[in-house]
Amino acid sequence: MLAKRIQPMVFQARRLYVELMFQVMGRALQAVSEVDEKVQNEARALPDGFLFEMMVMPDGSKLIVEHTGQGRFRYHGDKAPRPVDLSIQFKHIAHAFLVLSFQEKTSVAFANDRMLVDGDISYAVRMTRVLNRLESFILPKLIAERAVKEYPADLHLPEKLISAARIYLKVATNFVETVRA
Amino acid sequence: MTNKYYEFFCPVKVIAGKAALEHIPYELTGMAAKRPMIVTDKGVRAAGLLEPVIAACEESGLEITSIYDDVPPDSSTTVVRDIAGIYRQEKCDSIIAVGGGSAIDTGKAVNILVSEGGDDIAKYSGAGVLKHPLKPFFVVPTTAGTGSEVTSVAVITDEAKGVKLPFTSSFLLPNAAIIDPRMTLTLPPHITAATAMDAMTHATEAFTCMAKNPLSDAYATSAIKKISHSLLHVMDNPKDSDGRLELAQASTMAGIAFSNSMVGLVHALGHATGAICHLPHGLCMSLYLPYVLEYNLETIREPLGELLLYLEGPEVFAATPAGRRAEASISAIRKLRDALYKRCQLPRTLKETGKVTEDQLDHIAEMALDDGSIMFNPKEVTLEDARAVLRRAWA
Ligand SMILES: [Fe+2]
């Protein structure tokens, strides 16, 4: 059957997409933390050297960032220099795909039991707000409204900084349209 | 197709009604338990609430092997370790927690230690650490509010480190919750009111927050209906055991609802206020509920409007135009609070508590923003928003 032959391709595409989006988000987190005061204020409450991970269970793609102090993040790719302090784990790649392709809001995914938190809940709450803010930066307004609970009224970021991320995203979205099942 | 998805889980056997306590021996025997330990506090013992539990067991030839009655209001890792020590020494094989939130949480934590081994409860803190079922565990609630008898969470203070350790695992859920109207019959008025409003808040937040789902909705609406029907009646007739049973069942139902769909900003603010100003949890819930509903109003208009049916009954619901029902629900809750204030001075504003100063509001707002419950509030809460809600709740 056709469906049977197509399935592996969809799986492969999903995995690639999630990997790509983790990279986009990791770089964007670092970039946004260098210029956005709101993100800095949220991040400042995290300990220096705090390692945050987002991953797909059981052993899939990863995104690791470190709070280096003063509200700045550094993207570490998918390798953590030491055990992470907070890990947000998607139960399945399909759920990561739903969130990272902006079909399901991060907060909704939490509410829907799509992901688990390993670590201090108050840090998880903070990182969720940072991710919401990030999503409203790198996404066009229309998609961002779907991805976050509320679209912030005060986004003042040089277009240049985010355009790179948006280009990535465009590629990625086209990609999604074709594999969306 | 929508992205809607939910999980619902409640494996707790509910044993409720007249002579419910007398079912404990049968239930214990059914799990091959012969040497139960009771975990409770001094207040429960002083109120004479242990006697019916012990009598019910002894009459069936089941001796209570050990009784620990010194659980403090904020249970600690040391207390848990001590109780586990006694449990082992006395060769107990099961736990019966009798009490409110603290005794129940302590029972859950003790069960971890005596089942998994060791003396360091901190080692098991966090989510999903436990991988095996624990010892037979029964809960007899003596307040009608927390719903802890049906939640998979326990919070224990680590005094040495000055932090609260959370434990989450479905293995913490008791095997059975025994709801007997005798256990809440002597609850003083202000505790009856505050704990019932805690249950009311559990149900209302479960029904209006992000993780609501059809199964928890059913429990939430039934709980709200029971509380609206029975709370004032019980306040005026404290010895009415039917009314007491209604409130106790409502509390358990609200507990089932919120443990599956979580709570929101009322709890985030309440946890922060409890920690900073040392106000009882139920009181904080009653206090913040209408202000938070007003803040969330435009996001929750539809579900909040539906609640009017359960708060005020079919006549009022039918007579209220659909577009006004959400506001009418908030008014109904305010009306209930006024009635409770008249009967037992349950505070409606932060000022009325006499225990909060205006310069603490910023601290409360900051702390609430770090609370896990805020994640499930339907509206994204900023520091400014939290401050604004607190200012409205001030006076
Ligand atoms: Fe509560």
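A few remarks follow.
- Karplus-derived 3J(HN,Hα) values for segment A:46-62, using 6.51 cos²θ - 1.76 cosθ + 1.60 with θ = phi - 60°, are 7, x, 5, x, 5, 9, 10, 10, 10, 8, 9, 6, x, 7, x, 4, 9 Hz; glycine and proline are entered as x.
- Take each residue of peptide B:366-379, count the partner chain Cβ atoms within 10 Å of its Cβ, and average: the result is 4.
- Amide H contacts of B:Ile38 (H built 1.01 Å from N, in plane; Pro and chain starts excluded): B:Ser66, B:Ile67, B:Tyr68, B:Ile96 sit under 5 Å, all sequence-distant by 5 or more or on other chains.
- Excluding same-chain neighbours fewer than eight residues apart, the lysines reachable from B:Lys379 by a Cα-Cα span under 22 Å are A:Lys38, A:Lys105, A:Lys141, A:Lys149, B:Lys4, B:Lys212.
- Chain pair B, A: total accessible area buried, heavy atoms, 1.4 Å probe, Å²: 1800
- Label-point separation in nm, B:Asp362 to B:His233, each point 7 Å along Cα→Cβ: 4.9
- Percent carbon-and-sulfur accessible area, the protein assembly as shown, ignoring ligands, DNA and RNA, probe 1.4 Å: 55
- Segment B:118-125 - phi-based ³J(HN,Hα) in whole Hz, Karplus 6.51/-1.76/1.60, Gly and Pro as x: x, 10, 9, 5, 4, 4, 9, 5
- Put the Cα centre of segment B:2-68 next to the Cα centre of segment B:341-377 and the gap is 34 Å.
- Only Cα pairs under 8 Å and 6+ residues apart enter the sum, and on that basis the relative contact order of segment B:1-118 stands at 30 percent.
- Average Cα contact separation per residue, segment B:187-394, under 8 Å, 6 or more apart, as relative contact order %: 27
- Bridging of B:Lys335 to lysines at a Cα separation below 18 Å is possible for B:Lys225, B:Lys226, once same-chain residues fewer than 8 apart are set aside.
- Shape of the protein assembly as shown, Cα gyration tensor, a/c cut at 1.5: prolate
- Charge tally in the Cβ shell below 10 Å around B:Ile178, where Lys, Arg are +1 and Asp, Glu are -1, B:Ile178 excluded: -3
- Highest mean first, the peptides A:49-56, A:11-18 sorted by other C-beta atoms within 10 Å per residue fall in the order A:49-56, A:11-18.
- Each peptide in A:26-36, B:111-121 was scored by the mean count of other Cβ atoms within 10 Å over its residues; highest first, the order is A:26-36, B:111-121.
- With a Förster radius of 41 Å applied to the beta-carbon distance between B:Asp338 and B:Ala160, the computed FRET efficiency rounds to 0.40.
- Taking segment B:246-345 and dividing mean pair separation by its residue count, relative contact order in percent (alpha carbons under 8 Å, at least six apart): 20
- Pairs from the table (B:Lys13/B:Lys135; A:Lys62/A:Lys91; B:Lys13/B:Lys239; B:Lys34/B:Lys108) lying more than 24 angstrom apart at Cα are B:Lys13/B:Lys239.
- Calculated accessible area for chain B comes out at 40 Å² per residue, all protein chains present (probe 1.4 Å; ligands, DNA, RNA ignored).
- Look at the stretch A:120-130: the mean tally of other chain Cβ atoms within 10 Å of its residues' Cβ atoms is 4.
The values are calculated or read from the model by the stated rules, or taken from the named source; none is laboratory data. Predicted model, so just to flag it, every value in this text is computed and none were measured. For neighbour counting, all protein chains shown are included, and Cβ atoms are generated from backbone atoms with ideal geometry for every residue, glycine included. Heavy atoms of the whole protein, side chains included, go into the accessibility calculation; ligands, DNA and RNA do not. Shrake-Rupley method; radii C 1.70, N 1.55, O 1.52, S 1.80 Å.
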